[in-house]
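Okay, structure first, notes after.
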Amino acid sequence: MKATGIIIGAGIIGSAIAYELSRKGLTDLHVVDPDLEGTLSSTERNAGGVRHLWEQPINRELARHSIALFEKIKTEIGFHQTGYLWLFGKGEEKSGEDMLARTQSHQLNYEQLSISEIKSKYPFIDKTDDLAFAIFGARDGLINSNSLKQYFRNEAKKRGVIFHDRHVVHGMKETPHGAEISLSTVTSDIAAEDHLKNPFPLLKKEGDLNWQADFVILAAGAWSRELLLPHIKHPLISPIRRQIVLFKAENFDMNSYGMVVDTSRVYFHPEGGNILAGLVLKNEAQGYRFDVDKDFFESHLWPALYERSSSLEKLKPITGWGGLYSYTPDTSGILGKIPKTKSLYECHSFTGRGVMQSYGAAIAITELIINGRFETLQASCLSRKRFLAGNESELLPEGLHI
Ligand SMILES: Cc1cc2nc3c(=O)[nH]c(=O)nc-3n(C[C@H](O)[C@H](O)[C@H](O)COP(=O)(O)OP(=O)(O)OC[C@H]3O[C@@H](n4cnc5c(N)ncnc54)[C@H](O)[C@@H]3O)c2cc1C
């Protein structure tokens, strides 16, 4: 096969790129994934939070452009601007005030809430002795990331993009005529899952198919690391599990509220009549893990929730899961051309914000491919060149990360 472009990975990032490239008129585009359902993908396993508030200007811009689209199609993609409440503890005042100042120029309607304003807007937040204030973003909220992914895919398919299920890419390389991927088919859902839980064996051997294209974009989320290894000695990406639990709270209905992020970095929001909550555990080992630790709810999540709210005392866990954050050393994403190549691109590792940054990232990589430069967003700072020795001042640390 000889195509115009091939995208490796059909999560939210690969699907958004397919949408944007086809919207800009490119034809003969193919997206390849061992599991189009995305059972283990981060797009399937995330918390659905959407906000404009980030420390790095490029992260704010990626979110701003994405949210501008989400607002236009909000009913189709289940985007509810129910607000985002970020609680700041005593001693964290400076970081909260700095954060608020950064957003003022964008007219994002963020407001600072005093303790009494927090209590009146969120009466269930009743344990506030350690709090200084909160920042509330009315235009932020929650999204159905699956609906968003389907929106991108459906629009791309209408313009002729082909999504190939049960195809796993073993490697990519440049040829004198462009780019080439080596791939094979997987025969069942179980085989696809096996590969995603342990990607190393398949990637160590050549696939039985070779497809050529003018360009290839690597958008395989946390799995991008293995596909980069032949090209880059240290891909600088770590797949790290994050855990989430869905539970019912006795005598407490959270449905009319949005996302709450606590000082402990536990976050929680309403989810179809229940509550969904996650908490970042420090020292989580790298690896492709999708389970939930037996003691996660009782020993970590529940104590953090109850410490903030008496309404969160009697909780009944319903289900839980793990999903992957793809981490870079500064926790900002990687977007650009793979160094020393002409036709291989990468767009991945947006840690805990890939959904809310998906469309901004797609705009940027599309412009780079079609026009050879970034126009709408100044995204050259997302190149992996920032990690080279001597470029430390170009790093994009994102402390506002959960
Ligand atoms: C617990 C949790 C909570 C989160 N909360 C939020 C949130 O509130 N808001 C937010 O914006 N983001 C959140 N995120 C982050 C967000 O989910 C991710 O950044 C985003 O989904 C990444 O999308 P992706 O397309 O890069 O990767 P993925 O969705 O993981 O997609 C990668 C795709 O690549 C495919 N693939 C893998 N290997 C190969 C191969 N060899 N060949 C071909 N295809 C391959 C996989 O099957 C998969 O479909 C959260 C993530 C987690 C885990």
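No lab work stands behind these numbers, since they all come straight from the coordinates. Predicted model, so just to flag it, every value in this text is computed and none were measured. In this analysis, Cβ positions are derived from the backbone assuming ideal geometry, glycine residues included, and neighbour counts consider all displayed protein chains.
I need the trypsin sites (Lys or Arg not before Pro) found in region 331-362, filtered to DSSP loop residues with at most 16 other beta carbons within 10 Å of theirs.
K340, K342
Which of T128, T175 has the fewest other C-beta atoms within 10 Å, and how do the rest follow up to the most?
T175, T128
Which distance in Å, rounded to a whole number, links the C-alpha centroids of region 26-96 and region 326-362?
Region 26-96 and region 326-362 have Cα centres spaced 14 Å from each other.
Which whole-Hz ³J(HN,Hα) couplings does region 263-277 yield from phi under the Karplus relation 6.51 cos²θ - 1.76 cosθ + 1.60, θ = phi - 60°, glycine and proline marked x?
3J(HN,Hα) across region 263-277, in whole Hz: 5, 6, 6, 6, 10, 8, 7, x, 8, x, x, 10, 10, 10, 9.
Report the charge-dipole magnitude of the chain in Debye, nearest 20, computed about the Cα centre from +1 at each Lys and Arg Cβ and -1 at each Asp and Glu Cβ.
With Lys and Arg at +1 and Asp and Glu at -1, about 800 debye.
Report, please, the projected area of region 165-206 averaged over directions, based on the convex hull of its C-alpha atoms, in nm².
In nm², the orientation-averaged hull projection of region 165-206 is 3.2.
Need the C-alpha centroid separation for region 102-168 versus region 8-22, integer Å.
Measuring centre to centre over Cα atoms gives 21 Å.
For region 294-323 and region 209-233, write down the distance between their C-alpha centroids in whole Å.
First find each Cα centre; the distance between them is then 38 Å.
Helix by helix, which DSSP H runs in the chain go 24 Å or more along their axis at the Cα atoms and have an average Kyte-Doolittle hydropathy of 1.0 or more?
For the chain, where a helix must reach 24 Å along its axis and average at least 1.0, the hits are 354-371.
With r as the distance between the Cβ atoms of N283 and F124 and R0 = 51 Å, compute the FRET efficiency 1/(1 + (r/R0)^6) and round to 0.05.
0.95
In whole Å, what three semi-axes, largest first, describe the equivalent ellipsoid of the chain built from its Cα gyration tensor (square root of 5 times each eigenvalue)?
36, 23, 19
Given 5 Å bins starting at zero, what is the percent of C-alpha pairs of region 214-291 in each, up to the one with the largest pair distance?
Reading the bins upward from 0: 3, 12, 16, 16, 13, 12, 10, 8, 5, 2, 1, 0.
Which percentage, to the nearest 5, of the DSSP beta bridges contained in the chain is antiparallel?
Taking every DSSP beta bridge with both residues in the chain, the antiparallel ones total about 75 percent.
Pop out the Kirkwood hydrodynamic radius of region 242-335 from its pairwise C-alpha distances, inverse of mean 1/r, in Å to one decimal.
Averaging 1/r across every pair of different Cα atoms and inverting gives 14.2 Å.
Counting each pair of different Cα atoms once, what's the Kirkwood radius of region 297-367 in Å, rounded to one decimal?
In region 297-367 this quantity evaluates to 15.6 Å.
Taking Cα atoms of region 175-237, Rg/Rh with Kirkwood Rh, to two decimals?
Here Rg/Rh amounts to 0.97.
Can you tell me the FRET efficiency between I190 and S114 if r is taken as the Cβ-Cβ distance and R0 is 41 Å, rounded to the nearest 0.05?
So, using R0 = 41 Å, E works out to roughly 0.15.
Could you line up I338, I190, I73 from fewest to most neighbouring Cβ atoms inside 10 Å?
I190, I73, I338
Run lengths n ≥ 4 of DSSP H only: what is the helix-derived mean residue ellipticity at 222 nm for the chain, with -39500 (n - 2.57) per run over all residues, to the nearest 500?
-8000 deg cm²/dmol
Among I217, G258, I190, flag the residue with its Cα farthest along the positive direction of the charge dipole of region 174-274, charges on Cβ as +1 for Lys/Arg and -1 for Asp/Glu.
The one lying farthest along the dipole's positive direction is G258.
Within 10 Å of each residue's Cβ, count the other Cβ atoms and sort Y19, Y306 from fewest upward.
The fewest-first ordering by Cβ neighbours comes to Y306, Y19.
Which entries in the list K2/K158; K74/K157; K204/K233; K233/K337; K282/K385; K233/K342 go over 23 Å, if you measure between the two C-alpha atoms of each?
Listed pairs above 23 Å: K282/K385.
Using a Gaussian network model on the chain with a 10 Å cutoff between Cα atoms, which of G178, G322, G278 fluctuates the most?
Among G178, G322, G278, the largest GNM mean-square fluctuation belongs to G178.
How large are Rg and Dmax for region 83-230 when calculated on the C-alpha trace, in angstrom?
Final numbers for Rg and Dmax: 24.0, 66 Å.
Binned at 10 Å from 0, what are the whole-percent values of the Cα-Cα distance distribution for region 1-157, short to long?
Cα pair-distance distribution for region 1-157, in percent: 10, 31, 29, 18, 9, 2, 0.
Quote the FRET efficiency, to the nearest 0.05, computed for K24 versus D293 with a Förster distance R0 of 41 Å and r equal to the Cβ-Cβ distance.
0.40
Report, please, the projected area of region 1-47 averaged over directions, based on the convex hull of its C-alpha atoms, in nm².
Computing the convex hull of the Cα atoms and averaging its projections yields 3.6 nm².
So what's the projected area for region 259-402, the Cα convex hull averaged over all directions, in nm²?
With the hull built on Cα positions only, its mean projection is 11.3 nm².
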